[in-house]
1. I'd like to compare 247-256, 356-365: which one has the highest average count of other Cβ atoms within 10 Å, and what's the full order after that?
2. If packing is taken as the average number of other Cβ atoms within 10 Å across a peptide's residues, how do 265-275, 227-237 rank, most packed first?
3. Over the chain, what percent of the accessible surface lies on carbon and sulfur atoms, probe 1.4 Å?
4. If you roll a 1.4 Å probe over the heavy atoms of the protein chains, what accessible area per residue do you get for region 267-409, in Å²?
5. Over region 267-409, what is the mean sequence separation of C-alpha contacts under 8 Å (at least six apart), divided by residue count, expressed as relative contact order in percent?
6. Once the mean 1/r over all distinct Cα pairs of the chain is inverted, what Kirkwood radius in angstroms do you read off?
7. What order do you get for 113-122, 43-52 when each peptide is scored by the mean count of other beta carbon atoms within 10 Å, highest first?
8. So the label point goes 7 Å from the Cα of residue 133 along Cα→C-beta, right? Which residues of region 165-192 then have their backbone N under 20 Å from it?
Amino acid sequence: MDIQIDEETLKAVELVRTIGREFLRPLGLEADRTNRPIPPDHPFYELVAKSGYMLQGLGSEGRGSSGSERAPAGGASGGGSRRRGGSRGSALRNVLVAEEGSYWDRGAMVSLPGPGLGGPPVLRMGTEAQRERLLAPFRQRERPVWAAFAMTEPGAGSDVARITTRAVRDADGWVLTGQKMYSSNSPRAEWVVVFATLDPALGRDGHRAFVVERDTPGFEILRVEHKMGLRAYETATFALDGCRLPEESLLGGQEYYEASSQRGFEGAMSSFNATRPIIAAMGVGIARAAYDIAAGTLKEDFAPHAFHRRRRALETLVEVRRRIEVARLMCMRAAWLLDCGMPNALEASMAKLYAPPAALAAVQAAAQVLGEAGVLRDSLVEKLARDVKAMDIVEGTQQIQRRVVSKHVVGVLGPSA
Ligand SMILES: Cc1cc2nc3c(=O)[nH]c(=O)nc-3n(C[C@H](O)[C@H](O)[C@H](O)COP(=O)(O)OP(=O)(O)OC[C@H]3O[C@@H](n4cnc5c(N)ncnc54)[C@H](O)[C@@H]3O)c2cc1C
């Protein structure tokens with residue numbers, strides 16, 4: 001393993017550090033206090049757009065090259081050949097940028113303009129023409145633009161094979177009908193990648209991915225959820241009520257799905273191989289924030305008579321720090337494999353399995369060090385405790401990652417519900 005962090009990545013992390021200190025942390029706290037997401041017309045987002053941040057995650061795609069290199073299959077969940085989206089180093093950059101942004105505020109970080117979770121499926125499944133058209137808005141630096149991803153439905157979360165949003169083809173293109181939920185940033189998205197099925201009875205064989213543009217008649221945001229944390233961005237339920245889409249909205253085009261019967265499902269899984277290390281790294285960012293608070297408190301606040309309590313706290317913190325370092329390396333390795341065009345499904349799931357509990361433990365340790373102060377409403381630790389839980393859920397829960405890992409390492413699909 002030869003992980004090298006290039007100059008461009010170091011600069012990107014530095015930019016996010018500056019943005020984080022000056023904007024993400026204060027805006028995230030404000031959103032949490034008011035229980036309102038940062039509005040899309042906030043001048044901060046214009047600054048972000050001007051900085052070129054929206055190119056983040058697009059790698060060489062962001063600069064308009066084809067990026068259509070073929071790479072080996074992404075492990076058991078990514079069968080068939082796939083395109084390698086982005087340039088060498090872009091997955092690692094995404095992970096390190098996500099970690100740094102989440103150190104300052106994970107909610108505000110996710111609210112930043114850019115293709116978000118919609119980017120990986122477009123990069124990995126889309127035709128060259130689709131990538132060109134859909135990613136073009138992110139290359140301009142004049143105005144903030146968002147995209148989103150929608151797989152989850154009221155009856156299909158962990159088991160994505162159960163989606164029922166229906167895609168029917170006719171002479172003019174496609175008609176989509178159904179409901180999606182928990183789609184992050186969808187209320188402000190220019191387009192949303194929507195996974196639908198030709199027929200729910202087909203299970204994984206029926207999956208197709210579409211790009212639904214914001215103004216499509218029948219696309220309607222029904223509800224923005226009130227989350228316990230991460231309030232800086234919107235997570236919404238939306239309806240697709242007979243949305244008529246042109247043929248070109250089918251991600252990858254017809255030929256993409258002819259390669260194998262489960263190509264649509266595999267496309268989603270291969271996108272998860274790119275996004276799971278990012279979500280895991282966001283957990284690392286939250287963990288670092290909690291660790292810094294605890295370590296800072298221990299350095300400054302402990303009275304001499306609290307010697308034994310301090311020693312116990314230090315032991316806990318050393319363990320927290322160890323887990324942060326391990327989680328960080330796991331995220332980097334999963335991203336590095338992706339950048340090398342190598343299978344990373346196992347490593348992506350292992351990082352996602354490991355990092356959120358490590359982050360939870362870090363937040364709990366910080367709360368313990370702070371004592372009563374840690375549970376006060378205006379304490380950052382109290383907010384981190386509410387923010388961190390979702391890291392366990394998004395892009396597959398602990399139980400789902402265990403199933404993936406056990407399938408890879410033991411050869412048996414892991415414990416079921
Ligand atoms: C803040 C937030 C943002 C999100 N953003 C997006 C987004 O942008 N786009 C999107 O599509 N989705 C998004 N999601 C949805 C998220 O991916 C799902 O919540 C997640 O996949 C779990 O699905 P579920 O909530 O339906 O839980 P369920 O699938 O109903 O699971 C409930 C519980 O059962 C367990 N379980 C389920 N199946 C098994 C099994 N076979 N074996 C053992 N245990 C099992 C789960 O681990 C979980 O603990 C978001 C969710 C949150 C909280």
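The values are calculated or read from the model by the stated rules, or taken from the named source; none is laboratory data. Since the structure is predicted, the reported quantities are computational estimates derived from the model, not experimental observations. Cβ: placed from backbone, ideal geometry, glycine included. Neighbour counts: every protein chain shown. Accessible surface is based on the protein model in full, side chains and every heavy atom, while ligands, DNA and RNA are left aside. Shrake-Rupley method; radii C 1.70, N 1.55, O 1.52, S 1.80 Å.
1. Working: 247-256: 17.0, 356-365: 24.2.
Going from most to least packed, we get 356-365, 247-256.
2. On the way: 265-275: 25.6, 227-237: 22.3.
So the peptides 265-275, 227-237, ranked by packing, come out 265-275, 227-237.
3. Values: 9680 of 17820 Å².
Carbon and sulfur atoms account for 54 percent of the accessible area of the chain.
4. On the way: 6120 Å² over 143 residues.
So region 267-409 comes to 43 Å² accessible per residue, rounded to a whole number.
5. Numbers: 177 pairs, mean separation 50.5, N = 143.
It comes to 35 percent, rounded to a whole number.
6. Details: mean 1/r = 0.0461 Å⁻¹.
So the Kirkwood estimate lands at 21.7 Å.
7. 113-122, 43-52
8. Within reach of a label on residue 133: 167-177, 189-192.
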